[in-house]
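Participant: Here's a structure for you.
The values are calculated or read from the model by the stated rules, or taken from the named source; none is laboratory data. These figures come from a predicted structure and were not determined experimentally. Glycine gets a Cβ as well: all are built from the backbone with ideal geometry, and neighbour counts include every protein chain shown. Ligands, DNA and RNA are excluded from the accessible area calculation, which covers all protein heavy atoms including side chains. Shrake-Rupley method; radii C 1.70, N 1.55, O 1.52, S 1.80 Å.
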Amino acid sequence: DILIIWIASYPKSGNTWVRSIISSYFFSETGDFNFSLLKKISLYPGPKYFKNPIKKPGEVSLFWEISQKNIIKKQKQTYLKTHNALVALNNKSFTSEKLTLGAIYIVRDPRNVLSSLKNHYDFNDYNEAFDFMTNKKKYIWDVRKKDDFSGFQFLGSWSDHYKSWVNNSKFKILLLKYEDLEKDCYSTSHKLIKFILLLNGHNNLVDEKKLFKCIETTKFDILKKKEKDFGFDESIKINNINKSFFFLGPENQWQTKLPKEILSKVEKEFQKDLEYFNY
């Protein structure tokens, strides 16, 4: 059976980078990345998966199961990107072991997520981003589609989000740290590709030459330049101005970015999580 492999993360945690590596490895001949490959791993939920617009926030949960069954039937798409927490809404589970083969969950230091969120959503200050990350009822949706909540994704708080996926025992999960991709992209990506091959029942060796090409062509500065030259349809507009999706990347260092007051707030809130991930 062809089941779904989820590429899951809290927003601004490196999901696009991981999808870039996966799509260039599995959907290109040589490992050369281009943005069109990302269309092979599209965002779920989203309007294309539902016959009618979803009129209310959260109502999409009623269609999670049937829409995922339809995706599997078509057998065209096994990989889906999501920011949804692995929760139940309206007594409906986001997904199940009958529909899911496994998941890759990407986590990133919350102190860096904070500044990335502030830029992405054009928040006035870090406190707004902090409120976003600690709101247990937080959800996002595509604001470009008026009165259509087909893209509704329930996040919850940053801490609850990663726990919902990482503590799940229904299917296999590979936990990737964004920082490990930065420190040692090759061995972290190797682990990622190997995990997917084994999930699919292939005991093949990883094509190292191809993987090296994937890594070379998905480096942050290359993606940033491609966005500048060709645009990127996942970037958002604020007041009719396109916000750069690939903003700081490796230069997003909380040590130099965050004011002391907000830093101590974040570290107090997420103390146990920071310890858990050795951040």
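Participant: Tell me the mean residue ellipticity at 222 nm calculated for the chain from its helices only (DSSP H runs of n ≥ 4, each -39500 (n - 2.57), averaged over every residue, nearest 500).
Facilitator: Calculated at 222 nm, the ellipticity per residue is -11500 deg cm²/dmol.
Participant: If you take all C-alpha pairs in region 148-194, what percent of them are over 13 Å apart?
Facilitator: Here the long-distance tail beyond 13 Å is 68 percent of all Cα pairs in region 148-194.
Participant: What is the gain in length, in nm to one decimal, between Lys73 and Ile2 on full extension, counting 0.36 nm per residue of separation less the C-alpha to C-alpha distance? Please list the in-between numbers first.
Facilitator: Values: separation 71, 0.36 × 71 = 25.56 nm, distance 0.83 nm.
Result for the pair: 24.7 nm of gain on full extension.
Participant: Run down the aspartates and glutamates and flag those whose C-alpha is under 15 Å from the C-alpha of Lys260, throwing out any fewer than 8 positions away in its chain.
Facilitator: Asp125, Glu269
Participant: Let me ask another. Peptides 28-36, 16-24, 50-58: what's the order by average Cβ count within 10 Å, highest mean first?
Facilitator: Packing proxy ranking, top to bottom: 16-24, 28-36, 50-58.
Participant: OK, next. Reachable aspartates and glutamates from Lys170, Cα under 12 Å, same-chain residues fewer than 8 places away excluded?
Facilitator: Excluding near neighbours in sequence, the set is Glu97.
Participant: Turning to a different aspect of this structure: So if we plug the beta-carbon distance of Asn203 and Tyr121 into 1/(1 + (r/R0)^6) with R0 = 51 Å, what FRET efficiency do we get, rounded to 0.05?
Facilitator: Working: r = 43 Å, r/R0 = 0.85.
The value I calculate is 0.75.
Participant: Please report, as a whole percent, how much of the solvent-accessible surface of region 113-204 comes from carbon and sulfur atoms (probe radius 1.4 Å).
Facilitator: On the way: 2170 of 4560 Å².
C and S atoms contribute 48 percent here.
Participant: Per residue, how large is the accessible surface of the chain? Use a 1.4 angstrom probe and give square angstrom.
Facilitator: I get 52 Å² per residue for the chain.
Participant: For region 136-203 and region 7-53, compute the distance between their C-alpha centroids and round to whole Å.
Facilitator: 12
Participant: Please give the peptides 106-114, 132-140 ranked by average Cβ packing (other Cβ atoms within 10 Å per residue), highest first, as a rough proxy for protection.
Facilitator: Output ranking for 106-114, 132-140: 106-114, 132-140.
Participant: What's the FRET efficiency of Lys146 with Lys260 using the Cβ-Cβ distance as r and R₀ = 35 Å, to the nearest 0.05?
Facilitator: 0.30
Participant: Once you sort the root eigenvalues of the Cα gyration tensor of region 1-126 as a ≥ b ≥ c, which label holds: rounded (a/c under 1.5), prolate (a/b larger than b/c) or oblate (the other case)?
Facilitator: It is oblate, given that a/c is not under 1.5 and a/b is not larger than b/c.
Participant: Stretch Lys48-Val87 to full length: gain in nm at 0.36 nm per residue minus the Cα-Cα span?
Facilitator: Using 0.36 nm per residue and subtracting the Cα-Cα distance, I get 11.8 nm.
Participant: Note down the nm distance, to one decimal, between modelled labels 7 Å out along Cα→Cβ at Phe212 and at Lys39.
Facilitator: In this crude spin-label approximation the distance works out to 3.1 nm.
Participant: When every alpha-carbon pair in the chain is counted, what percent end up more than 33 Å apart?
Facilitator: 19
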